[in-house]
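The values are calculated or read from the model by the stated rules, or taken from the named source; none is laboratory data. This one's a predicted model, so the numbers in the text were calculated from it and none came from an experiment. In this analysis, Cβ positions are derived from the backbone assuming ideal geometry, glycine residues included, and neighbour counts consider all displayed protein chains. Accessible surface is based on the protein model in full, side chains and every heavy atom, while ligands, DNA and RNA are left aside. Shrake-Rupley method; radii C 1.70, N 1.55, O 1.52, S 1.80 Å.
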Amino acid sequence: MTSPVTTIVEVGKHDGQTVTIRGWLYNLRESGKLLFPQFRDGSGVIQGVVPKNAVTPEVFEAIKTLTQESSVIVEGKVRADKRAPGGYELDVSGVQVVQRVPESDPYPITPKEHGTDFLMEHRHLWVRSQRQAAILRVRAEIIKAARDFFDERGFTLTDPPIITPAACEGTSTLFPVDYFDEEAFLTQSGQLYIEATAMALGKVYSFGPTFRAEKSKTRRHLTEFWMVEPEVAFGQLNDIMELAEGLISFLVKRCLEKRRADLAIIGRDLTKLETIAAPFPRISYDDAVKMLQEAHAKGALKHNFEWGGDLGSPDETYISSQFDKPVMVHRYPAKVKAFYMEPDPQRPDLALCVDVLAPEGYGEIIGGSQRTASHELLLKRIHEHSSS
C-alpha cells in the first residue's frame, strides 16, 4: 500500500484522496453485496463501505471474514458524508490482515451489555471501547491543559516524592510500605514539599498520584487518584479563589475546543459545559448554612444542618444544584478545617479557606486556603492539634 498513512481523526484533511489507515476492526455489518466495516485506530472510529463489485474477490472475502478486534491495514478513498460519525466514510479498496482473532478464542467484549465486574476484570480490553477511549483522551487533554495553565502563569512544576515519612491528612488513611526495615507511606498529598519549594520559587505546583486507604467505591473516595496542587507565596484568599475559577474555566474551554467529539461520545451536555466561565458565584459558609436550613424547612432536605459542622455529600449536592456554574463556599469554621489555615481577622472563629463545589452532584473539586503567616500561631495550633 503506497498511499499516505493517516489517522482517523485527521481523515478530513484528505477528503477525496486515497489513504492508508492502520488499526483494528471495531464492528462489521453486512447488507447483501455490501459490507460496512467499522475501523478504529485509537484516534477515532470510521465506517468503511465495501461493494462486492468494486473490489477484488480476495479483498471482499478478507473483510467479510474479519473478526472483532482483528488487526488490519486498510486502504481506501476518503469521502465526506454528513450522516457518518465524524463526517467521513472510507471507500475501501484494499486490506492487509495483520492478525486475525480466531473464532475459537474470540474477543470477549461484545456489543451486548456486560456487568461492571466483568468489564473491570477485562479493563485492558475495555479501554478499546469508544466511551472508555474518549474518557482517556479527555483525561489526557485535561492534564496537558492544567500544565499549560500553570506554566503560562509563571508557576514552576516540582515533583514531590511518592514515598513519604509522614501524613498530610488523617493518619487512618495511609498506605504503609516497608522502606528498608523502616515504615514509610504512600503520599496523600505533596503539600508539605511544595510549600517548601514555594518559599524558594514563589509560585509552584505538583501534579501526580496520591493515595488514600479508604475502603469505598464511590467516585468521591478513590484509593488512588491524580491531584494538581499549586502553592503561591504571599497568596491571599481572593488570589486563591481567582486561581481556582481560572483553572476550571481554562480546562473546560480547552476540552470544548479540542475534545468536543469525545465529550459527545461520553454523553456530556455541552450546553452545560459552555456556561462554565469565570467569574463563579461565591457564598460564605454562613450563607450556605442558611440555604440548607431553608431547604430543610421546605422539605427539600431530610436533615437540618447546624452551623459549625462540615458540609457532607448531600449538603454539597444541594448547594451546587442551585447554580449552573461551580460555586465557591468560603470562610468555614476553623474547627472543621486544617490547623494551618489563616483565621479571618474579622472573625477569628472562621478560616480563610474555600471549597469549590461542582454542579450536577459532583461535590468538592478544589479545596484551598490562605496559610497561617504567624510562626507563633502555627506552633500553638500544632500543639493543640497534637494534644487533641
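Can you tell me which condition Glu306 does not meet? The list is (1) out of contact with any helix residue (DSSP H, G or I) (no Cβ under 7 Å at 6 or more places or on another chain); (2) closer than 23 Å to Ile142 by Cβ, and all the others hold. The single condition Glu306 does not satisfy is (2).
If the condition is being of a type in the set (Val, Ile, Thr) and exposed (fewer than 15 other Cβ atoms within 10 Å of the Cβ), then the range 267-282 contributes Thr271, Thr275. Looking at the range 283-320, which of the residues that are surrounded by 15 or more Cβ atoms within 10 Å (Cβ to Cβ) and in a loop (DSSP other than H, G, I, E, B) is modelled with the lowest pLDDT? Looking at the filtered set, the residue picked out is Leu301.
From the list Lys215, Lys203, Lys258, Lys272, the lone residue that is of a type in the set (Lys, Arg) and in contact with a helix residue (DSSP H, G or I) (Cβ under 6 Å, 6 or more places away or on another chain) is Lys258. Comparison of Gly368, Gly361, Gly309 shows that the only residue that is in contact (Cβ under 8 Å) with a residue 12 or more places away in the chain and over 21 Å from the mean Cα position of the chain (by Cα) is Gly309. Does Ala167 count as surrounded by 15 or more Cβ atoms within 10 Å (Cβ to Cβ) and part of a strand (DSSP E or B)? No; evaluated as a whole, the condition is false for this residue.
Count of the range 83-104 residues, restricted to those that are assigned to a strand (DSSP E or B) and more than 16 Å from Arg40 (Cβ to Cβ), is 4.
For beta carbons closer than 9 Å, sequence separation of 6+ or different chains, a first residue in the range 185-197 that is under 22 Å from His221 (Cα atoms) and a second that is among the β-branched types (Val, Ile, Thr) and modelled with pLDDT under 90, the qualifying pairs are Phe185/Thr171; Gln188/Thr173.
Among residues that are closer than 27 Å to Arg371 by Cβ, without any contact (Cβ under 8 Å) to a residue 40 or more places away in the chain and not in a loop (DSSP other than H, G, I, E, B), Leu136 is not included. For Gly12, the test of being assigned to a loop (DSSP other than H, G, I, E, B), open to solvent by 20 Å² or more (accessible area, probe 1.4 Å) and either in contact with a strand residue (DSSP E or B) (Cβ under 7 Å, 6 or more places away or on another chain) or in contact (Cβ under 8 Å) with a residue 40 or more places away in the chain (or both) is failed.
For the range 191-210, name all the residues that are touching a strand residue (DSSP E or B) at 6+ places or on another chain (Cβ under 6 Å) and hydrophobic (A, V, I, L, M, F, W, C). Within the range 191-210, Ile194, Ala198, Leu201, Val204, Phe207 qualify.
Gln346 falls short on exactly one of the conditions (1) over 18 Å from Gln370 (Cβ atoms); (2) among the polar types (S, T, N, Q); (3) not in a helix (DSSP H, G or I), and that condition is (1).
Scanning the range 341-388 for residues that are buried (at least 18 other Cβ atoms within 10 Å of the Cβ) and among the hydroxyl-bearing types (Ser, Thr, Tyr), we see that the one that is nearest to Phe225 (Cα to Cα) is Ser369.
From the residues in the range 349-372 that are assigned to a loop (DSSP other than H, G, I, E, B) and of a type in the set (Asp, Glu), which one is nearest to Ile319 (Cα to Cα)? First the steps, then the outcome.
Filtering the range 349-372 down to residues assigned to a loop (DSSP other than H, G, I, E, B) leaves 349, 352, 359-362, 370, 372.
Still in the running and of a type in the set (Asp, Glu): 349, 360.
Numbers: Asp349: 23, Glu360: 10 Å.
Residue satisfying both the conditions and the ranking: Glu360.
Of the set (1) at pLDDT 95 or above; (2) closer than 22 Å to Ser189 by Cβ, all apply to His385 but (1). Screening Ile248 with (1) aliphatic (A, V, I, L, M); (2) under 26 Å from Val138 (Cβ atoms); (3) exposed (fewer than 15 other Cβ atoms within 10 Å of the Cβ) gives one miss only, at (3).
Scan the range 76-97 residue by residue and report those that are touching a residue at least 60 places away in the same chain (Cβ under 8 Å), of a type in the set (A, V, I, L, M, F, W, C) and under 28 Å from Trp126 (Cα atoms).
First, pick out the residues of the range 76-97 that are touching a residue at least 60 places away in the same chain (Cβ under 8 Å): 77-80, 86-88, 90, 93-94, 96.
From the residues that got through so far, the ones that are of a type in the set (A, V, I, L, M, F, W, C) too are 78, 80, 90.
Listed by number, the list holds a single entry, Leu90.
Filtered by the rule that a residue be open to solvent by 70 Å² or more (accessible area, probe 1.4 Å), in a helix (DSSP H, G or I) and closer than 24 Å to Gly42 by Cα, the range 56-82 gives a lone residue, Lys64. Each residue in the range 15-55 was checked for being free of Cβ contacts under 8 Å to residues at least 24 places away in the same chain and open to solvent by 70 Å² or more (accessible area, probe 1.4 Å), and 4 of them qualify.
Of Ala184, Ala213, which residue is in a loop (DSSP other than H, G, I, E, B) and either small (Gly, Ala, Ser) or modelled with pLDDT of 95 or more (or both)? Step through it out loud before you land on a result.
Details: Ala184 fails: in a loop (DSSP other than H, G, I, E, B).
Checking each option against the conditions leaves just Ala213.
Among the residues making up the range 328-340, a single one is of a type in the set (Lys, Arg) and surrounded by fewer than 18 Cβ atoms within 10 Å (Cβ to Cβ): Lys335.
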